[in-house]
Amino acid sequence: MAKTSLKQPAVFQRDLLVWYQAHRRQLPWREAPSLYRTVVSEFMLQQTQVKTMLPYFARWMDALPDFAALAAADEATVLKLWEGLGYYSRARNLHKLARALVALPETPPTAAAWQQLPGIGPYSAAAITSIALGVASACVDGNVVRILARLTADSTEFRDSASASKVFTPLAESLLSHENPGDHNQAMMELGATVCHRRNPLCTICPVRAHCAGCAQGEPESFPRLAAKKIEKVSITRAWCERDGKLLLHRIPTTSRRLAGQYELPSDEHVLVPAKAPVLAVRKRGITRYAITETIKRIPVPSSLPNADLMWVPRAELDTITLSGPHRRWITELLKPDG
DNA sequence: AAGTCGGGGTG
DNA sequence: CACCCAGACTT
């Protein structure tokens, strides 16, 4: 059973907020805050580091500056802007959310109401309502779990981050500043991102070190304890085939659970790849729990296309389609004259 | 409760 | 390589 309070919650709040006011990073959604910018940033930040999403955020705001613009956009535009960021259901849900919000008579005022909207779970509901609306609702993300596990030196072994979040929610709520919940929540996450690192935490400069049982105990890095994930190794062979300035690609069916509607280099499930076909490249990447090795081989031009989802895409059109993940980069590399 | 969904940062 | 990242949704 996790603790639900610290010895001096009011002092903790003050130490945290004073530090945050002095050390917070200048981020686009903080410099020019708005509900829309808060919502878009929170969607992009789900399971994604700030550094990774920053260029996507700038590009997105340039193209779709407000809820009205997003609601009026077509899905292809939305997914193209999201290309490369991953977890594409986030983009579809954000699109749905914009259309739902513009149809409402007023902005939902509570975290519970926000959580009924597409793509909004417990974390996002708390983040959006506290930051943009001043609602006293505590965020519990990976950063907060790590900080709270260390503050309380909680050695519980959690199945996964979801169950840990649930366990620490009461403590997070008890520590929340009701005067300034938005800054408090952002301060917790900022502390986790810039000081209370998963490994090598910077305890010597930590503003709440005096409140931290994990630090006092000497091994803050040992918290939180999470069950190890099982990674499965997978190998995929893909085909590279050019003809008359066109590239053979596979369009993932829109009914597919993952990467629906996106394009990719055809795998050997879609087209015959001779075992002796020359290897052009070997690439490794991870998708969720799979460690994938992809071998790209040059194949002869097939006499006919066996699958309706296979198509010849002119090089000039490659920039207009949405490509699955690293395929964009691989294709760019392999299309170079010396590649 | 367990599985699934991307891609990149970092020790 | 392993683990994590301002998680949410489906089964």
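Details
- Per-peptide packing, taken as the mean over residues of other Cβ atoms within 10 Å, places A:259-271, A:281-293 in the sequence A:259-271, A:281-293 from highest down.
- Peptides A:124-131, A:297-304, A:97-104, A:64-71 ranked from most to least packed, by the mean per-residue count of other Cβ atoms within 10 Å: A:124-131, A:64-71, A:97-104, A:297-304.
- Helix-only mean residue ellipticity at 222 nm for chain A, each DSSP H run of n ≥ 4 adding -39500 (n - 2.57), per residue, nearest 500: -12000 deg cm²/dmol
- Each principal axis of chain A carries a Cα extent, and these read 75, 50, 33 Å when sorted largest first.
- Radius 15 Å from Cβ of A:V40, net charge of other residues (Lys, Arg +1; Asp, Glu -1): +3
- Partner lysines whose Cα lies under 19 Å from the Cα of A:K96, excluding those fewer than 8 positions away in the same chain, are identified as A:K80.
- Residue-span extension gain [A:S89 to A:L202] - 0.36 nm each, minus C-alpha spacing: 37.2 nm
- Inter-label distance for A:L334 and A:D244, nm, one decimal - labels placed 7 Å from Cα along Cα-to-Cβ: 2.1
- Tilt relative to chain A, helix A:89-103 - C-alpha long axis, 0 to 90 degrees, to 10: 70
- Peptide packing for A:140-147, A:325-332, A:199-206 was compared via the average number of neighbouring C-beta atoms within 10 Å per residue; ordered from the highest value, the list is A:140-147, A:325-332, A:199-206.
- Size-normalised alpha-carbon gyration radius of the range A:232-335, reference 2.2 N^0.38 Å: 1.02
- Nitroxide proxy distance, nm - points 7 Å out along Cα→Cβ at A:A162 and A:D319: 4.2
- Nearest-0.05 FRET efficiency for A:R25 and A:K284, computed from C-beta distance (R0 25 Å): 0.20
- For the range A:208-282, fraction of C-alpha pairs farther apart than 22 Å, in %: 55
- Calculated FRET value between A:Q116 and A:T48, using beta carbons and R₀ = 22 Å, to 0.05: 0.40
- Sequence-separation-based contact order of chain A, relative, with Cα cut under 8 Å and 6+ spacing, percent: 17
- Cα-centred dipole magnitude for chain A, charges only on beta-carbon of K, R (+1) and D, E (-1), debye, nearest 20: 920
- Placing pseudo-labels 7 Å out from each Cα toward the beta carbon at A:A291 and A:A260 gives an inter-label distance of 3.2 nm.
- Normalised by residue number, the volume inside the convex hull of the Cα atoms of the range A:126-273 is 200 Å³ per residue.
- Here's the list of lysines a cross-link from A:K276 could span, going by alpha-carbon distance under 27 Å and ignoring same-chain residues fewer than 8 apart: A:K233, A:K246, A:K284, A:K297, A:K336.
- With every protein chain in place, chain A: carbon and sulfur % of accessible area (1.4 Å): 52
- Residues listed by number, the range A:5-27, amide nitrogen under 20 Å from A:E179 label point at 7 Å toward C-beta: A:6-24
- Rounded tilt (10° steps) of A:161-175 against the dominant C-alpha axis of chain A: 30
- Helix axis angle, A:35-44 relative to chain A longest principal axis, alpha carbon, degrees: 60
- What you get for the range A:229-339, charging only the Cβ of Lys and Arg (+1) and of Asp and Glu (-1), is a dipole of about 560 debye around the Cα centre.
- Extension gain for A:K7 to A:S303 (0.36 nm times residue separation, less C-alpha to C-alpha distance): 99.1 nm.
- Reference-scaled alpha-carbon Rg (2.2 N^0.38 Å with N residues) for the range A:46-88: 1.15
The values are calculated or read from the model by the stated rules, or taken from the named source; none is laboratory data. Given the structure is predicted, the values throughout are model-derived calculations rather than measurements. Virtual Cβ from ideal backbone geometry, glycine too; neighbours counted across all protein chains shown. For the accessible areas, the whole protein counts, side chains as well, though only heavy atoms, and no ligand, DNA or RNA atoms are used. Shrake-Rupley method; radii C 1.70, N 1.55, O 1.52, S 1.80 Å.
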